[in-house]
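**Student:** Once you've had a glance at the structure underneath, I'll fire off some questions.
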Ligand code: 13P
């Protein structure tokens, strides 16, 4: 049975003490339900070591927002997958639309990041999603198909550790959520692509998360769709009660 996941992406928010306060509140209030339902927190790098410690005796898993394509070396300012592993990170975002747009991350780079993470037993949360123009032109399946190409280069064994997040760019931080039907349509498409390129069993076991203005008030409807296995949450992850309510909607 595939895992249901709610992952909070704090993006570049929360100074050190604010981040610790939020993490402590999560630890205090989080009531894990079935073992198949996972809460993941992806803080900025400055919080990683402290949160690793805070989450160590809990069921909350630590994630990260990015890693470098190489394992070490003269890459000033960068963080490797091995460094994240040393802090017990279990998940890491790859190819978030903000990084694709602002740091020009291309498919080759995203593939290398996935390989680094997988070599370090960290599950990539691979993000894909179309721009508003793509949706208006009816080209969104083509865009997503192109973005997913990165994943088909992975072996089946590696691919089975990947989580996919569908984040339509027009829904990120805009308050305009995809409808549950729009999310379902794309998630079913993504799963069908996995079935075609990997196999049906792998497709059935792949967790596909929705991201883009997901909040407690719309999570139940989104998560009720058969191919929506949870959410990747931005703004609403910055408040403990809100992200925990989203988790409880799984
Ligand atoms: P929002 O939930 O703020 O729209 O952000 C979604 C997102 O980009 C998560 O990675």
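**Student:** Once the piece of chain linking residue 106 and residue 248 is laid out straight, how much longer is it, given 0.36 nm per residue of separation minus the C-alpha distance between them?
**Tutor:** Numbers: separation 142, 0.36 × 142 = 51.12 nm, distance 3.50 nm.
My answer for the length gained is 47.6 nm.
**Student:** Where in the range 80-103 does the amide nitrogen come within less than 13 Å of the point 7 Å from the Cα of residue 45, taken along Cα to Cβ?
**Tutor:** 80-85
**Student:** I've got another one for you. Please tell me the relative contact order of the range 91-189 in percent, rounded to the nearest whole number, where contacts are Cα pairs under 8 Å and at least six residues apart.
**Tutor:** Relative contact order here is 30 percent.
**Student:** Which of 208, 243 comes first, and how do the rest follow, when ranked by fewest Cβ neighbours within 10 Å? Could the numbers behind the result be given before it?
**Tutor:** Numbers: 208 24, 243 28.
By the 10 Å Cβ count, ascending, the order reads 208, 243.
**Student:** Say each of residue 36 and residue 152 gets a label point 7 Å from the Cα, pointing the same way as Cα to Cβ; how far apart are those two points in nm?
**Tutor:** Distance between the two pseudo-spin positions: 3.0 nm.
**Student:** So, one more: Under 10 Å, Cα contacts only: if you run a Gaussian network model on the chain, which one of 16, 126, 159 comes out with the highest mean-square fluctuation?
**Tutor:** So, out of 16, 126, 159, the one fluctuating most is 16.
**Student:** If only Cα atoms are counted, what is the Rg of the range 1-73, and what is its Dmax, in Å?
**Tutor:** Here Rg and the maximum Cα pair distance are 13.1, 42 Å.
**Student:** For the ranges 75-84, 62-71, what's the packing order if you count other beta-carbon atoms within 10 Å of each residue, average per peptide, and put the highest first?
**Tutor:** Result, highest mean first: 62-71, 75-84.
**Student:** Can I ask one more? When a/c is below 1.5 the answer is rounded, else prolate if a/b is larger than b/c, else oblate, so apply that to the range 1-43 with a ≥ b ≥ c taken from the square roots of the Cα gyration tensor eigenvalues.
**Tutor:** It comes out oblate by the Cα gyration axes.
**Student:** Taking only DSSP H segments of four or more residues, each worth -39500 (n - 2.57), what value at 222 nm results for the chain once the sum is divided by all its residues, to the nearest 500 deg cm²/dmol? Present the calculation step by step, with values, prior to reporting the outcome.
**Tutor:** Values: 12 runs with 111 residues, N = 250.
Rounded to the nearest 500, the figure is -12500 deg cm²/dmol.
**Student:** Using Cα-Cα distances under 8 Å and only pairs 6 or more residues apart, what relative contact order does the chain have, in percent?
**Tutor:** 21
**Student:** How high is the relative contact order of the range 141-241? Use alpha-carbon pairs under 8 Å, at least six apart in sequence, and give a whole percent.
**Tutor:** So the answer I get is 31 percent.
**Student:** Once you sort the root eigenvalues of the Cα gyration tensor of the range 96-250 as a ≥ b ≥ c, which label holds: rounded (a/c under 1.5), prolate (a/b larger than b/c) or oblate (the other case)?
**Tutor:** rounded
**Student:** Next question, about the same structure. Could you work out how far apart the two model spin labels at residue 221 and residue 88 are, taking each label as a point 7 Å from the Cα in the direction of the beta carbon, and quote it in nm?
**Tutor:** 3.9
**Student:** Over the chain, with a Gaussian network built from C-alpha contacts below 10 Å, which listed residue (91, 210, 140) shows the highest mean-square fluctuation?
**Tutor:** Looking only at 91, 210, 140, the largest GNM fluctuation is found for 140.
**Student:** For a bin width of 5 Å, list the pair-distance distribution of the range 93-185 built from all Cα-Cα distances, rounded to whole %.
**Tutor:** Cα pair-distance distribution for the range 93-185, in percent: 3, 13, 24, 24, 17, 12, 6, 1.
**Student:** Hey, could you pull the Cα Rg and Dmax for the range 1-147, both in Å?
**Tutor:** In order Rg, Dmax, the Cα atoms of the range 1-147 give 16.3, 49 Å.
**Student:** Calculate, in nm to one decimal, what residue 132 and residue 1 gain on full extension: separation in residues at 0.36 nm each, minus their alpha carbon distance.
**Tutor:** Between residue 132 and residue 1, full extension yields 43.8 nm more.
**Student:** Hey, rough spin-label estimate for residue 121 and residue 75, points 7 angstrom out along Cα→Cβ, what's it come to in nanometres?
**Tutor:** Computed distance between label sites residue 121 and residue 75 equals 2.1 nm.
No lab work stands behind these numbers, since they all come straight from the coordinates. Computed from a predicted structure; not experimentally measured. Every residue, glycine as well, gets a Cβ built from its backbone with ideal geometry; the counts of neighbours run over all protein chains shown.
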